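Below: one structure, written as C-alpha cells.
Just so you know, all these numbers are worked out from the coordinates, no wet-lab data involved. In this text, all values refer to a predicted model and were calculated from it rather than measured experimentally. Virtual Cβ from ideal backbone geometry, glycine too; neighbours counted across all protein chains shown.
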Amino acid sequence: MPTEGCWIKVYEDTNFNDNSLIIHGPAEYNDMRNLPDSNGADWGDQIGSVRTGPRTWVIAFADEGFEDTSIVIGPNSEIADLGDMEDEIDSIKILDHAP
Ligand SMILES: [Ca+2]
Ligand SMILES: [Ca+2]
C-alpha cells in the first residue's frame, strides 16, 4: 500500500529538467530498470535532480543491489543537483519513516 506523501520525483537532468518520473513508496528497487510507469525506461545512472514528498525518506545507492556509496534524502527535499551522485543512482529505498 502506498503511503500518502511518500514519493520521490526523479529528473533525468539537473535543475529538474528533462524526463521525470514519480515513484511512490514505501518501496525498494534494487535496480532502476522497469520502474512502475517508466514504460521500460532504464533510469540507472540517469538521475540528475530529485524532489521528495512530505513523508519521504530515500536512501539512494550508487550501485545496483543497494551497494556502494549512498545518500539519504529527507522529506520535502528539492535537490537541483545531486553532485557526486548525479548520473550514479542505481538502486533506491523509499521509506515513509526516518531510516
Ligand atoms: Ca542525467
Ligand atoms: Ca551507478
Within the set of pairs 6+ apart or on separate chains, which have a first residue in segment 38-54 that is at positive phi, a second that is more than 15 Å from ligand 1 (Cβ to nearest atom), and C-beta atoms under 7 Å apart?
-> Gly40/Asn34
Unmet requirement for Asp96, which otherwise passes all of (1) surrounded by fewer than 20 Cβ atoms within 10 Å (Cβ to Cβ); (2) of a type in the set (Asp, Glu); (3) within 16 Å of ligand 2 (Cβ to nearest atom) = (3)
Hey, among the residues in segment 75-99 that are part of a loop (DSSP other than H, G, I, E, B), within 22 Å of Glu12 (Cβ to Cβ) and small (Gly, Ala, Ser), which one's farthest from the chain's Cα centre (by Cα)?
-> Ala80
Filtering segment 74-93 down to residues that are surrounded by 13 or more Cβ atoms within 10 Å (Cβ to Cβ), on the phi < 0 side of the Ramachandran plot, within 16 Å of ligand 2 (Cβ to nearest atom) and of a type outside the set (Lys, Arg) yields Leu82, Met85, Glu86, Glu88, Ile89, Asp90, Ser91, Ile92
